[in-house]
Amino acid sequence: MDSPAPRAFVIGHPIAHSRSPLLHGFWLRSLGLAGSYERVDVAPANLTGFVRSLADAGWVGGNVTIPHKTAVMALVDDLDVDAEAIGAVNTLWLEGGRLVGGNTDAIGFVANLDEEAPGWDDGAGRRAVVLGAGGAARAVLHGLRRRGFEVVVANRTEASAVALAARFRGEAVAWDRLSARLAMADVVVNTTSLGMAGQPPLRLDLSALHDQAVVCDIVYVPLETALLQSARARGLRAVGGLGMLLHQAVPGFARWFGVTPTVTPALREVLSADVRARAA
Ligand code: NAP
């Protein structure tokens with residue numbers, strides 16, 4: 001008998017706004033694969049039941065989003081090294097009957113820079129300044145450390161910057177002392193929600209950056225933030241956040257459906273159009 005077509009999910013609460021079904025649906029269709037990727041609203045009280053019975057319910061795995069990324073860590077059989085380092089799970093899959101929790105955000109972050117700013121990590125002793133110390137900052141710091149960067153973290157709430165700097169063997173710097181550190185930065189990454197639609201813009205004086213520095217904003221709503229615009233105006237390479245979202249989805253899809261998908265211009269256009277349409 002043929003095995004059933006693989007079914008994967010994204011769980012969160014709420015979940016209606018997740019763009020992951022659009023992304024995985026694009027790959028399923030363009031690769032001509034049988035299978036599905038479905039949104040499932042799972043309230044916190046139902047998380048344990050959902051995760052413990054997911055194999056019996058016929059799921060091959062899926063994505064985990066807010067508010068479950070940390071809570072789900074205690075419910076899996078194994079964590080991958082990235083989930084351990086980041087302290088959160090965004091992808092679940094079954095391996096030899098065991099449920100594994102992984103985190104693909106750091107992979108997505110560096111793959112986006114590899115694609116959009118080739119050579120961004122070339123050379124020894126590279127330094128990065130990371131703005132923000134929330135969930136996304138952990139993935140970004142992990143990705144940067146894995147690529148050999150020295151890291152400096154600045155955050156509005158300084159205690160969180162100090163804690164993350166300790167976790168990722170970096171240095172914390174006070175928000176109001178940032179400009180002095182920018183002169184030494186090869187890469188600057190915004191992981192705060194500043195610049196996101198509905199939030200104030202991130203105001204950062206980029207004049208101290210050297211000419212080869214790369215500025216990355218992981219915010220992708222809007223696609224082009226004020227930070228990216230000022231980096232481009234200053235002649236710097238500027239990388240937006242949409243590619244991180246696209247690239248972080250690759251490893252999960254490969255595990256659930258058995259084919260490694262590609263981040264193509266057509267996929268970027270589908271997601272970009274969705275971002276623009278929802279902003280209109
Ligand atoms: P989070 O855990 O809530 O962290 C938010 C961060 O923004 C904190 O460091 C917070 O500082 C800072 N912040 C918020 N308002 C601020 C303000 N008015 N002034 C200065 N700092 C402020 O959120 P997250 O999950 O890390 O997400 C952060 C951003 O990354 C969001 O825009 C999200 O969409 C984006 N993101 C993108 C991707 C992608 O794939 N491209 C993936 C994940 C997240 P405090 O600690 O002081 O509150």
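Among the residues that make up segment 40-59, is at least one of them within 16 Å of the ligand (Cβ to nearest atom), in contact with a helix residue (DSSP H, G or I) (Cβ under 9 Å, 6 or more places away or on another chain) and of a type outside the set (A, V, I, L, M, F, W, C)? Even if it seems obvious, please write down each step before you answer.
So the first thing to find is which residues in segment 40-59 are within 16 Å of the ligand (Cβ to nearest atom), and the list is none.
Checked against the condition, which is being within 16 Å of the ligand (Cβ to nearest atom), in contact with a helix residue (DSSP H, G or I) (Cβ under 9 Å, 6 or more places away or on another chain) and of a type outside the set (A, V, I, L, M, F, W, C), segment 40-59 yields no hits at all.
Cβ-Cβ below 6 Å, separation at least six or inter-chain, first residue in segment 123-145 and without any contact (Cβ under 8 Å) to a residue 60 or more places away in the chain and of a type in the set (Gly, Ala, Ser), second part of a loop (DSSP other than H, G, I, E, B) and within 7 Å of the ligand (Cβ to nearest atom): which pairs?
Final answer for the pair search is Ala133/Asn155; Ala137/Thr191.
Evaluate segment 53-61: report whether one residue or more is under 19 Å from the mean Cα position of the chain (by Cα) and aromatic (Phe, Trp, Tyr).
So the first thing to find is which residues in segment 53-61 are under 19 Å from the mean Cα position of the chain (by Cα), and the list is 61.
Checking the rest, the ones that are also aromatic (Phe, Trp, Tyr) come to none.
No, segment 53-61 contains no residue that is under 19 Å from the mean Cα position of the chain (by Cα) and aromatic (Phe, Trp, Tyr).
I need the helices (runs of 4 or more DSSP H) fully contained in segment 135-200, keeping only those with at least 3 residues that are within 15 Å of the ligand (Cβ to nearest atom) and either buried (at least 16 other Cβ atoms within 10 Å of the Cβ) or more than 22 Å from the chain's Cα centre (by Cα) (or both).
Values: elements: 135-146, 158-167, 178-182.
Where helices (runs of 4 or more DSSP H) fall fully within segment 135-200 and carry at least 3 residues being within 15 Å of the ligand (Cβ to nearest atom) and either buried (at least 16 other Cβ atoms within 10 Å of the Cβ) or more than 22 Å from the chain's Cα centre (by Cα) (or both), they are 135-146, 158-167.
Could you say which residue among Trp120, Trp93 is crowded, with 20+ Cβ neighbours inside 10 Å, assigned to a loop (DSSP other than H, G, I, E, B) and of a type in the set (Phe, Trp, Tyr)? Give the steps one after another, and end with the answer.
Values: Trp93 fails: assigned to a loop (DSSP other than H, G, I, E, B).
After ruling out the rest, the residue left standing is Trp120.
Within segment 3-23, how many residues turn out to be in a loop (DSSP other than H, G, I, E, B), in contact with a Gly (Cβ under 8 Å, 6 or more places away or on another chain) and in contact (Cβ under 8 Å) with a residue 40 or more places away in the chain? Give the steps one after another, and end with the answer.
At the first step, the residues of segment 3-23 found to be in a loop (DSSP other than H, G, I, E, B) are 3-6, 13-19.
Pick out the ones that are also in contact with a Gly (Cβ under 8 Å, 6 or more places away or on another chain) and you get 4-6, 18.
When the remaining residues are screened for being in contact (Cβ under 8 Å) with a residue 40 or more places away in the chain, the result is 4, 6, 18.
Matching residues across segment 3-23 total 3.
Bear in mind these aren't lab numbers, they're just calculated from the coordinates by the rules spelled out. This structure is a prediction, so every number in the text was calculated from the model and none was measured. Cβ coordinates were reconstructed from backbone atoms using ideal geometry, including for glycine residues, and neighbour counts include every protein chain displayed.
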